[in-house]
């Protein structure tokens, strides 16, 4: 299956940090990670874990959709002058073309992000201004959402359905073993972690909202 990759994730994070006037060391201190790790992520030498990616985007006030955004969105500011005079309906239509993924997304159209510790996200679609991430997630054997074993928390809520394999969900002080056909939903502000301790990849469909 020929699936598109998500390019330059680290570069997008770096640009977002610089736009906000945040130094590398300051961000690293706020996140409790080393500046060298952030530098490796920004230069593409290393990929963030799920928890680190959420921590970075939350600290920078960066919507997760901006990590997956189409390259054309970054070129809005250099549009020809004639586009600046578009009527509101035409401007809204142009914005939707930049922000929408769908209504049908073929495997070849998916954006894919390979994260640290054996986790892959595939973006299945998005509606403009919805603040919902629609993902196919894969946790390979040994894969975990947090490479340091800690629990993560972020704004929003998560809804998931496991298609194959098994996942262990740590949610607060409770632990659940998810099997194919199991569904889960929880507020993302509750400390949580996902991991695959099995021998087969765990694959599921996940909705992550940025607002509860």
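The values are calculated or read from the model by the stated rules, or taken from the named source; none is laboratory data. Note that the structure is a prediction, hence the values are computed from the model and not measured. All Cβ positions, even for glycine, are placed from backbone atoms using ideal geometry, and neighbour counts span all protein chains on display.
Do we have any residue at all in the range 69-78 that's modelled with pLDDT of 55 or more, under 16 Å from the mean Cα position of the chain (by Cα) and either part of a loop (DSSP other than H, G, I, E, B) or under 28 Å from residue 197 (Cα atoms) (or both)?
yes
Could we say that residue 116 is over 16 Å from the mean Cα position of the chain (by Cα) and surrounded by 14 or more Cβ atoms within 10 Å (Cβ to Cβ) here?
Here the answer is no, as residue 116 does not meet what is asked.
Any residue at all in the range 158-176 that is outside the structural domain of residue 50 (by TED's automatic domain parsing), out of contact with any strand residue (DSSP E or B) (no Cβ under 6 Å at 6 or more places or on another chain) and assigned to a strand (DSSP E or B)?
Yes, because at least one residue in the range 158-176 is outside the structural domain of residue 50 (by TED's automatic domain parsing), out of contact with any strand residue (DSSP E or B) (no Cβ under 6 Å at 6 or more places or on another chain) and assigned to a strand (DSSP E or B).
Going by what's in this entry, would residue 139 be described as more than 19 Å from residue 104 (Cα to Cα), touching a residue at least 12 places away in the same chain (Cβ under 8 Å), under 16 Å from the mean Cα position of the chain (by Cα) and surrounded by 17 or more Cβ atoms within 10 Å (Cβ to Cβ)?
Details: more than 19 Å from residue 104 (Cα to Cα): yes; touching a residue at least 12 places away in the same chain (Cβ under 8 Å): yes; under 16 Å from the mean Cα position of the chain (by Cα): yes; surrounded by 17 or more Cβ atoms within 10 Å (Cβ to Cβ): yes.
Yes.
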